[in-house]
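Chemist: Structure provided below as structure tokens; questions to follow.
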Amino acid sequence: MDASSLSPVLDPILARWGRTPDRLLQVLREAQDATGWLSPELLAATARSLGLPLAHVRGVASFYSFLALEPAGEYRVLLSDGVTDRMDGSLELGERLCRRLWAEPDHTAGDGLVSVRRTSCTGLCDQGPAALVNGIAIPRLDGRVVDAIADLILARRPLDTWPVDLFSIPTNVRREDVLLRHGLSPGVAIAAALARNGAAPAGMIAELRASGLRGRGGAGYPTGNKWASCEAAPGESRYIVCNADEGEPGTFKDRVLLAREADLVFEGMTLAGHAVGATRGLLYLRGEYRYLLDSLEATLARRRAAGLLGATAGGGPAFDVEIHVGAGAYICGEETALLESLEGKRGIPRNRPPYPVTHGYLGRPTVVDNVETLCAAALIAVHGAVAWRRLGTTQSSGTKLLSVAGDCTRRGVYEFPFGVTVREVLEAAGADDPIAVQVGGPSGTLIDCAEFERHLSFEDLPTGGAFTVFGRGRDLFEVARQHVHFFAHESCGFCTPCRVGTSMLASVMDKIHDGHGSRHELAELDRLTSVLGNGAHCGLGHTAMNPVRDTITRFAPSYERRLASADFAPAFDLDAALAPARRMTGRDDPASHLGDAS
Amino acid sequence: MTVPARPRVRLATTSLAGCFGCHMSLLDIDEKLLPLLELVEFDRSPLTDIKHCGPCDIGLIEGGVCNAENVHVLREFRANCRVLIALGACAITGGLPAQRNHLDLGLCLQEVYLTEPSLSRGGIPNDPELPLPLDKVHPLHEIVRVDYYIPGCPPSAEAIWQVLTDLIAGRLPQLPERLVRYD
Amino acid sequence: MLDGAPVPFEPGQTVLQAALAADRYIPHLCYHPEFRPHGSCKLCTASVGGRLVATCTTPAEAGLVVDSETPQLRDVRRTLVQMLFAEGNHFCPSCEKSGNCQLQAQGSDLGVTTAGFRHLYPDRPIDASHPDAWIDFNRCVLCELCVRASDEVDGKHVFALAGRGLTKHLIVNAPSNRLGDTTFAASDEAMQVCPVGAILPKRVGFAVPIGSRRYDQRPVSAQALDDAPRPAGRSP
């Protein structure tokens, strides 16, 4: 495609995004939606139009795994490769799909029809295995669905004519508490917050502080303090950012909130804007949740029409929301990487300090809050701190949404007051014979059955919401190995310890898996733990060891039974390393082979 | 009370995919060679022409692992030497021989023995006496456990002397900054 | 307080800058006094107020307690240098930068005798398209000093990073991705600032013999203190 034929594609996209460099990622994403991939000509035209160096544009495009710098096929199938997807048979289904399509995994078919690749957990763990086709989610894959997808692709049926039930994603809410049964009409929480702001100088922020609400993304920073710091920070303009980049494998409760409670989310953003003096909000939607974009935009339009957004948002000061969509990068869930991504850059976590509350989006004071946190803030605006504090524990007030998946009969979203025991959740979810639960995803804590009386709370077991159940027969070494590969794949590559360390970690786990492990490898795991935990730039690196740390302490036999008896073994098969030379020389005599060390 | 005389330390040395430069450096110990010889006796080594390594206290290996014979020799050293030392850049990083690691071995052999007219004489050698090359060249520590490393291309005589005398004296070898060289 | 002794600082200085100005060394690689601190190599990691952080990006504050020369931190730094050696193809015996290379100098100073890890032996073709300079990507440690220099000093934006994780790599600003097709000039600051042998001038080979080079004379820990900017009137 030459530059002139690109104009009709690129111009409307650039116009929509205002031709500013900080919208680069959004422009690239939409351009790819329109053309299937990001050709060198398209990158060059984008760079010219936005006044950016081409190398910068290529740097950004190559950072995000959903952006394709080579032709990726008319139909781009990404199979969700989360732990629960695999438990539900995703690998076999992937092979079946490839067979049916005559496709080779990870390659674009010669005729340009289709490519089949794997992607990190897509947040459909309660209804997996899942896939994304041209960015749109399809849950509950089984042999029948896979065959249907293959037939539709082979028949070249446009995606928007595929049967709608393929794309139907129920919310699977299993237990409601105050948040999920809030019953609030749009505007009520904003009005309540405005009333609080009018009644006392510190108003809504004071109420939040009194409520003890802590961030629901996992880190648990007191939300009231965050808002107060942002409000107090010097600056002309402020921003509210909703972190809807729910990427932790095993987590999907934000998806449910965005699908079912979008009004409450925007309500929370708006009253946050009023509280800190921000007039603009940005919602960063995980690329995997692209299918929610239209309904979210529709909600925004409805709210604008109802006067809940715009010049006088809900009767208060001006506020409006813009949605950015991610493009396949777990690291962007880290708040400063998310800000970089919102500014159209590579998602590299920033150095801190300064913190986002003083230097956030475009260097301005910014509140970055999780989806659930903003919903909870809206609830607190209406019902007050005292009501909120009635639920939960001393240091963990209120309720928590849990994404329950894995080996249990009732997967889905559960809202429990903080302080609930692991056992209570397991019983509610119908987990018959659990041996372990991963609380908070791979970067959280994996506990075994001796710890099921522990409490979900910041005091004991903090969680961003993932609750993945492993039943008898599950191999926890394999779970850890898969998660370690996840971190290596998602490492942004900025700092040495994480860029190299996560890959080293994956290769040590592979070596143990392949039966070449020894005590030497266990010592290597220790060494890598130390350098990742002590040297990494951000939370991804700091926690990348957690799956190994937790399984090696609790499920040591799953490692030990894989160790070779020798005190050291090479990572590879020495005899296989001679195979190319045997082939070239035609030799097969005994001297042309290498056995084990004797 | 008398301290019993310590038996001499048995030392084996060999070069795998190396250039014997590290061995030259060993000989460069010069006038210290005589006191060293009072402390050690050589087992298998290019200096003795002993063909197989027997039980030893220390094994010194230069060169990377590039073929099947290298693997056999390395395993023999590891099995017989209480302490195994990787000597020089090639033993530690693969070094010069490992510069072929980004090339496909089959294509290399084809280019050298079949395609290139100035070199090809009767096809790829397939005599069973010849050791087969591995697809990649490896440093020693990727094939066996290695206890100590003396870097350098070659390591200085002083660095070799330092590590050997430390080990013989029962000290943990510690090379000062100026002796840790990679070139 | 650095390792038990007080260190003065000026507002705006980071812990590493304050330490170097006060003639106290903390190992570092991606930090350069003339550029915005970056914090990616993590060699300068130290315990600051009980937390392990990169000192090159951590602002100095009154009362901060910093511990740097601890066995644990020496281990971490040694492992980081080993990781860099294993990640690229660092064949020192054939490298023109040998003896002037900061990665090498850090290795010597920290007593690194082996990469220890399995070498990754990546396949990274060199770029010799420019008339006066060439890039050997095998030796790139991704410190981004050339990116920063080209952006901040040269104003040319010749370099950028692409990919992520272990596939992260240096690219140049030309559709062909060849240095010869960029505005790069051998006089650029980006040329001078490379701490390793990745960006090198052409037609200069071993003009200074091995053994007489920068880190052949003095270890990097001493050189870095000589180079550190100091407030007027204070001598090392």
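The values are calculated or read from the model by the stated rules, or taken from the named source; none is laboratory data. This is a predicted model, so every value here is computed, not measured. Counting neighbours? That spans all protein chains shown, and the Cβs are built from the backbone with ideal geometry, glycine included. In case anyone asks, the SASA skips ligands and DNA or RNA and just uses the protein heavy atoms, side chains included. Shrake-Rupley method; radii C 1.70, N 1.55, O 1.52, S 1.80 Å.
Chemist: What's the total number of residues in region A:424-476 that are in a loop (DSSP other than H, G, I, E, B) and within 22 Å of A:Asn370 (Cβ to Cβ)?
Modeler: The total comes to 13.
Chemist: For region A:123-144, indicate whether the set of residues that are over 20 Å from A:Gly89 (Cβ atoms), more than 24 Å from the chain's Cα centre (by Cα) and not assigned by TED's automatic domain parsing to the domain that holds A:Gly307 is non-empty.
Modeler: Looking for residues that are over 20 Å from A:Gly89 (Cβ atoms), more than 24 Å from the chain's Cα centre (by Cα) and not assigned by TED's automatic domain parsing to the domain that holds A:Gly307, one finds none in region A:123-144, hence no.
Chemist: Give me the strands (runs of 3 or more DSSP E) completely within region C:70-175, filtered to those with at least 1 residues that are closer than 21 Å to C:His32 by Cβ and more than 8 Å from chain A (Cβ to nearest Cβ), ordered by residue number.
Modeler: So the answer is C:133-135, C:169-172.
Chemist: Sticking with this structure for a sec: For A:Phe494, only one of the following conditions fails: (1) aromatic (Phe, Trp, Tyr); (2) over 23 Å from the mean Cα position of the chain (by Cα); (3) facing another protein chain (nearest Cβ under 8 Å). What is its number?
Modeler: (2)
Chemist: Can you tell me how many residues within region A:519-535 are in contact (Cβ under 8 Å) with a residue 12 or more places away in the chain and more than 7 Å from every other protein chain (Cβ to nearest Cβ)?
Modeler: Count: 9.
Chemist: I'd like the full set of residues that are closer than 18 Å to C:Leu142 by Cα and either open to solvent by 20 Å² or more (accessible area, probe 1.4 Å) or within 19 Å of the chain's Cα centre (by Cα) (or both), limited to region C:179-196.
Modeler: Taking region C:179-196 as the starting set, the residues that turn out to be closer than 18 Å to C:Leu142 by Cα are C:179, C:189-196.
Hits for region C:179-196 are C:Glu189, C:Ala190, C:Met191, C:Gln192, C:Val193, C:Cys194, C:Pro195, C:Val196.
Chemist: If a residue has to be part of a loop (DSSP other than H, G, I, E, B) and free of Cβ contacts under 8 Å to residues at least 60 places away in the same chain to count, how many in region A:101-129 make the cut?
Modeler: Initial filter on region A:101-129 (part of a loop (DSSP other than H, G, I, E, B)): A:102-107, A:109-113, A:120-124, A:128-129.
Checking which are free of Cβ contacts under 8 Å to residues at least 60 places away in the same chain leaves us with A:102-107, A:109-113, A:129.
Selection size over region A:101-129: 12.
Chemist: Taking the criterion of being over 18 Å from A:Ala376 (Cα atoms), open to solvent by 10 Å² or more (accessible area, probe 1.4 Å), in a strand (DSSP E or B) and modelled with pLDDT of 95 or more, would at least one residue in region A:309-316 satisfy it?
Modeler: Yes; the residues of region A:309-316 include at least one that is over 18 Å from A:Ala376 (Cα atoms), open to solvent by 10 Å² or more (accessible area, probe 1.4 Å), in a strand (DSSP E or B) and modelled with pLDDT of 95 or more.
Chemist: Can you name the helices (runs of 4 or more DSSP H) wholly within region A:1-100 that have at least 2 residues being outside the structural domain of A:Thr409 (by TED's automatic domain parsing) and either of a type in the set (Lys, Arg) or touching a strand residue (DSSP E or B) at 6+ places or on another chain (Cβ under 9 Å) (or both)? Break it down stepwise before answering.
Modeler: On the way: elements: A:3-17, A:24-35, A:40-50, A:54-61, A:83-87.
Hits in region A:1-100: A:24-35, A:54-61, A:83-87.
Chemist: Of the residues A:Arg86, A:Arg58, which is crowded, with 17+ Cβ neighbours inside 10 Å and within 14 Å of another protein chain (Cβ to nearest Cβ)?
Modeler: On the way: A:Arg86 fails: within 14 Å of another protein chain (Cβ to nearest Cβ).
It is A:Arg58.
Chemist: Output the residues belonging to region A:441-458 that are open to solvent by 10 Å² or more (accessible area, probe 1.4 Å) and either hydroxyl-bearing (Ser, Thr, Tyr) or more than 18 Å from A:Arg474 (Cα to Cα) (or both).
Modeler: Just the residues of region A:441-458 that are open to solvent by 10 Å² or more (accessible area, probe 1.4 Å), to begin with: A:443-445, A:448-451, A:453-455, A:458.
Matches in region A:441-458: A:Ser443, A:Gly444, A:Thr445, A:Glu453, A:Arg454, A:His455, A:Phe458.
Chemist: Would you mind telling me which numbered condition in (1) on the phi > 0 side of the Ramachandran plot; (2) out of contact with any Lys or Arg (no Cβ under 8 Å at 6 or more places or on another chain); (3) among the polar types (S, T, N, Q) A:Asn172 fails?
Modeler: (2)
Chemist: Which members of region C:176-220 meet the condition of being part of a loop (DSSP other than H, G, I, E, B) and within 14 Å of chain A (Cβ to nearest Cβ)?
Modeler: C:Ser176, C:Asn177, C:Arg178, C:Thr182, C:Thr183, C:Phe184, C:Pro195, C:Val196
Chemist: Please go through (1) surrounded by fewer than 21 Cβ atoms within 10 Å (Cβ to Cβ); (2) without any contact (Cβ under 8 Å) to a residue 24 or more places away in the chain; (3) of a type in the set (A, V, I, L, M); (4) at the interface with chain C (Cβ under 10 Å from one of its Cβ atoms) for A:Leu574 and return the number of the only condition it doesn't satisfy.
Modeler: So A:Leu574 meets the others, but not (4).
Chemist: I'm told A:Thr502 meets every condition in (1) in contact with an Asp or Glu (Cβ under 9 Å, 6 or more places away or on another chain); (2) more than 11 Å from chain C (Cβ to nearest Cβ); (3) closer than 30 Å to C:Cys30 by Cα except one. Can you identify the failing condition by its number?
Modeler: Going through (1) in contact with an Asp or Glu (Cβ under 9 Å, 6 or more places away or on another chain); (2) more than 11 Å from chain C (Cβ to nearest Cβ); (3) closer than 30 Å to C:Cys30 by Cα one by one, A:Thr502 breaks only (2).
Chemist: B:Ile92 versus (1) free of Cβ contacts under 8 Å to residues at least 60 places away in the same chain; (2) away from chain C (no Cβ under 13 Å): which is the lone unmet condition?
Modeler: (2)
Chemist: Exactly one condition in (1) surrounded by fewer than 24 Cβ atoms within 10 Å (Cβ to Cβ); (2) at pLDDT below 95 is false for A:Ala262; which is it?
Modeler: With respect to (1) surrounded by fewer than 24 Cβ atoms within 10 Å (Cβ to Cβ); (2) at pLDDT below 95, A:Ala262 is out only on (2).
Chemist: Filter region A:209-220 for residues that are under 10 Å from A:Phe458 (Cα atoms) and of a type outside the set (Gly, Ala, Ser) and give the result.
Modeler: Across region A:209-220, the qualifying residue is only A:Arg214.
Chemist: Could you tell me which of the residues B:Pro133, B:Pro55 is more than 14 Å from chain C (Cβ to nearest Cβ), of a type outside the set (Val, Ile, Thr) and over 30 Å from B:Ala157 (Cβ atoms)?
Modeler: Every option except B:Pro133 fails the conditions.
Chemist: Go through region A:489-510 residue by residue and tally those that are open to solvent by less than 20 Å² (accessible area, probe 1.4 Å) and touching a residue at least 40 places away in the same chain (Cβ under 8 Å).
Modeler: To start, the set of residues in region A:489-510 that are open to solvent by less than 20 Å² (accessible area, probe 1.4 Å) comprises A:490-502, A:504-506, A:508-509.
Applying the additional criterion that residues be touching a residue at least 40 places away in the same chain (Cβ under 8 Å) yields A:490-492, A:494-495, A:497-498, A:501-502, A:505.
Of the residues in region A:489-510, 10 are open to solvent by less than 20 Å² (accessible area, probe 1.4 Å) and touching a residue at least 40 places away in the same chain (Cβ under 8 Å).
Chemist: Just one of (1) open to solvent by 20 Å² or more (accessible area, probe 1.4 Å); (2) among the acidic types (Asp, Glu); (3) closer than 21 Å to C:Thr45 by Cα trips up C:Glu87, so point out which.
Modeler: Going through (1) open to solvent by 20 Å² or more (accessible area, probe 1.4 Å); (2) among the acidic types (Asp, Glu); (3) closer than 21 Å to C:Thr45 by Cα one by one, C:Glu87 breaks only (1).
Chemist: Something else about it: Please state which of the following conditions C:His28 fails to meet, knowing it meets all the rest: (1) at pLDDT 95 or above; (2) buried (at least 17 other Cβ atoms within 10 Å of the Cβ); (3) farther than 26 Å from C:Pro201 by Cβ.
Modeler: (3)
Chemist: Let me ask something else about it. Checking the structure you have, find out if any residue of region A:259-280 is farther than 26 Å from A:Val357 by Cα and of a type in the set (Val, Ile, Thr).
Modeler: No, because not a single residue in region A:259-280 is farther than 26 Å from A:Val357 by Cα and of a type in the set (Val, Ile, Thr).
Chemist: Also, quick follow-up: Which numbered condition in (1) without any contact (Cβ under 8 Å) to a residue 40 or more places away in the chain; (2) within 14 Å of chain B (Cβ to nearest Cβ) is the only one that C:Cys44 fails?
Modeler: Of the numbered conditions (1) without any contact (Cβ under 8 Å) to a residue 40 or more places away in the chain; (2) within 14 Å of chain B (Cβ to nearest Cβ), the odd one out for C:Cys44 is (2).
Chemist: Also, I was wondering about something else. What number of residues within region A:203-218 satisfy the criterion of being more than 14 Å from A:Ala376 (Cα to Cα) and touching a residue at least 24 places away in the same chain (Cβ under 8 Å)?
Modeler: Within region A:203-218, the first condition is being more than 14 Å from A:Ala376 (Cα to Cα), and the residues that meet it are A:203, A:206, A:218.
Now drop any that are not touching a residue at least 24 places away in the same chain (Cβ under 8 Å), which leaves A:203, A:218.
Residues flagged as more than 14 Å from A:Ala376 (Cα to Cα) and touching a residue at least 24 places away in the same chain (Cβ under 8 Å) within region A:203-218 amount to 2.
Chemist: May I ask you to verify whether A:Leu24 is farther than 30 Å from A:Leu91 by Cα, at pLDDT below 95, more than 11 Å from every other protein chain (Cβ to nearest Cβ) and buried (at least 20 other Cβ atoms within 10 Å of the Cβ)?
Modeler: Values: farther than 30 Å from A:Leu91 by Cα: yes; at pLDDT below 95: no; more than 11 Å from every other protein chain (Cβ to nearest Cβ): yes; buried (at least 20 other Cβ atoms within 10 Å of the Cβ): yes.
Taking the combined requirement at face value, the residue does not satisfy it.
Chemist: Among what's in region A:145-183 and is of a type in the set (Asp, Glu) and open to solvent by less than 70 Å² (accessible area, probe 1.4 Å), pick the residue that is farthest from the chain's Cα centre (by Cα). Steps first, please.
Modeler: So the first thing to find is which residues in region A:145-183 are of a type in the set (Asp, Glu), and the list is A:147, A:151, A:160, A:165, A:176-177.
Cutting the leftovers down to open to solvent by less than 70 Å² (accessible area, probe 1.4 Å) gives us A:147, A:177.
On the way: A:Asp147: 28, A:Asp177: 25 Å.
Ranking the candidates gives A:Asp147 first.
Chemist: Working carefully through the options B:Leu172, B:Leu167, B:Leu140, find the one that is open to solvent by less than 20 Å² (accessible area, probe 1.4 Å) and either hydrophobic (A, V, I, L, M, F, W, C) or away from chain C (no Cβ under 14 Å) (or both).
Modeler: Residue meeting the stated conditions: B:Leu140.
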